[in-house]
Amino acid sequence: MPIPAKHLVQHQNNLVTVDLDAKLTHALALMIEHDFSQLPVVDDAFKPQGIVTTDGITRALLTLGTNVKEIRVKDVFTKPPIFHADEDLLYLLDYLLKASAVFIVDTEGKLIGIITDYDTTQYFRQRAEDIVLVEDIESTLKSHIRAVHNAQTEDSEELLTGIASLNTTLDETRKKSYAALNEFSKKKAIELSTEEADEIINKFFPITGKSRTFDSLTLSEYIQFAHKVWPKLNPTFSLPKNAWSEMMDAVREIRNKLVHFRGDISPVERTKLRYCAEWYKAHQPVQQEVKSDDNNPDVTPSETDSALNIEQRLIVPPGENDISKHGYGFIATRLNAVNKELATPREVYSISFASLEKMLSMKLPTAAYEHIAWWTENKIRARLWARRGWIVTAVNLAGSTPFVTFRKLHTPSTPA
């Protein structure tokens, strides 16, 4: 979908400009005052004539062999590409590889903004960060829903039942179509049986019959899912349902705006998005420890099975954990190895990032410390851990000691 260039200049009010006859010292003063590396040159009608850049000034001084006080703007300016506000931003990127900036004009040809390669980098960086925050929020909400359903796999019976109970967009469309058809039949005094109505609706809005997976649901459906199990979520959320709903509805609208490029999100919307992401960091799913020998009263945990001792066991001596050979899948390998050593194998492990870094002999990337989605939404890492029998069920980034929780898989099913 095209991204109009006006998205990058919509907040550029009161542009700082100069005219062709201005002294270069005046232009330099403006550039220093506003910390600019370039300055637009316009005429009396505010139509762009060119641009003054530090590079252009340097070349002019070198060639003319005079001092800066004797030079005017018209001696150093260059002409950058000019585009209309509705031009596709991606098309502009090719020109920014050669020019220091491009001008954006309105329908009358008046300058309304200037775009540099820095602006485009910041624009895409900000959008990427916003989308990752949405992923963090959605991922944590999914983990909450799985946790209250005790669902480790996609084919969990309780989870599938919950999915089947959701109202989809197609369901809503079919309901409205039935209502419209019935209303039309009454007005036209047409006798229409249920079977005939079904035949008409199914022709235009057929039910595919395809079973949906939990990961294929939309954010709106995850929100709907949460409403259905709110009594189970409420103890962890500790938030009035209407307040939570308002927060999530705002995130859903922001998400649609970002994904469909419906303009840039406002500072207020970005504040709401960041607040929600931070709120979920502090409200992670509660993990219930389940012992594999719970049904055997004769088996008691060994004193050496303490949380501290177990975390120390996970950290193997240097030389045995070459990350270049094992990758992140080595985490699950170590969990299995430690479980074999314990008198009572564990179903759930909460491991601090510090211990993971010692285990892997490397620093975790910054994204692992800042975004829950790094742990939960990467399919490659998820498969590495699932093949060894483990899945990530919670990530706590809120405290001073961040940690991730792994849970044992007991079925060969696709991990949720």
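The values are calculated or read from the model by the stated rules, or taken from the named source; none is laboratory data. A quick note: this is a predicted structure, and the numbers were derived from the prediction, not measured. Glycine gets a Cβ as well: all are built from the backbone with ideal geometry, and neighbour counts include every protein chain shown.
Checking Leu90 against (1) at pLDDT 95 or above; (2) hydrophobic (A, V, I, L, M, F, W, C); (3) under 30 Å from Pro267 (Cα atoms), only one condition comes out false. Which one?
Condition not satisfied by Leu90: (1).
Within region 45-67, restricting attention to residues that are exposed (fewer than 15 other Cβ atoms within 10 Å of the Cβ) and either in contact with a His (Cβ under 9 Å, 6 or more places away or on another chain) or of a type in the set (A, V, I, L, M, F, W, C) (or both), which residue is farthest from Pro2 (Cα to Cα)?
Leu64
Which one of these does Asn396 not meet: (1) surrounded by 16 or more Cβ atoms within 10 Å (Cβ to Cβ); (2) under 18 Å from the mean Cα position of the chain (by Cα); (3) at pLDDT 90 or above; (4) of a type outside the set (A, V, I, L, M)?
Result: Asn396 fails condition (3) only.
Kindly state which helices (runs of 4 or more DSSP H) lie completely within region 227-289 and contain at least 2 residues that are over 19 Å from Ala147 (Cβ atoms).
In region 227-289, the matching helices (runs of 4 or more DSSP H) lie at 241-259, 267-281.
Return the total of residues in region 358-368 being out of contact with any helix residue (DSSP H, G or I) (no Cβ under 7 Å at 6 or more places or on another chain), modelled with pLDDT of 90 or more and of a type outside the set (Val, Ile, Thr).
1
Scan region 260-267 and give yes if some residue there is surrounded by 13 or more Cβ atoms within 10 Å (Cβ to Cβ), free of Cβ contacts under 8 Å to residues at least 24 places away in the same chain, outside the structural domain of Thr376 (by TED's automatic domain parsing) and not charged (D, E, K, R), otherwise no.
no
Taking Glu191 and the conditions (1) of a type outside the set (A, V, I, L, M); (2) farther than 19 Å from Thr161 by Cβ; (3) assigned to a helix (DSSP H, G or I); (4) without any contact (Cβ under 8 Å) to a residue 40 or more places away in the chain, which numbered condition does it fall short on, given that it satisfies the others?
(3)
Do any strands (runs of 3 or more DSSP E) lying entirely in region 1-105 carry at least 1 residues that are out of contact with any Cys (no Cβ under 8 Å at 6 or more places or on another chain), more than 30 Å from Val259 (Cβ to Cβ) and not polar (S, T, N, Q), and which ones are they?
It comes to 38-42, 48-53, 82-84.
From the list Asp264, Asp198, Asp215, which one is touching a His at 6+ places or on another chain (Cβ under 8 Å) and at pLDDT 70 or above?
Of the residues listed, the single one that is touching a His at 6+ places or on another chain (Cβ under 8 Å) and at pLDDT 70 or above is Asp264.
Looking at (1) farther than 14 Å from Leu141 by Cα; (2) part of a helix (DSSP H, G or I); (3) out of contact with any helix residue (DSSP H, G or I) (no Cβ under 6 Å at 6 or more places or on another chain), find the lone condition where Ile201 falls short.
Failed condition: (3).
Among the residues that make up region 228-236, is at least one of them within 23 Å of Ile3 (Cβ to Cβ), surrounded by 14 or more Cβ atoms within 10 Å (Cβ to Cβ), touching a residue at least 60 places away in the same chain (Cβ under 8 Å) and not aromatic (Phe, Trp, Tyr)?
no
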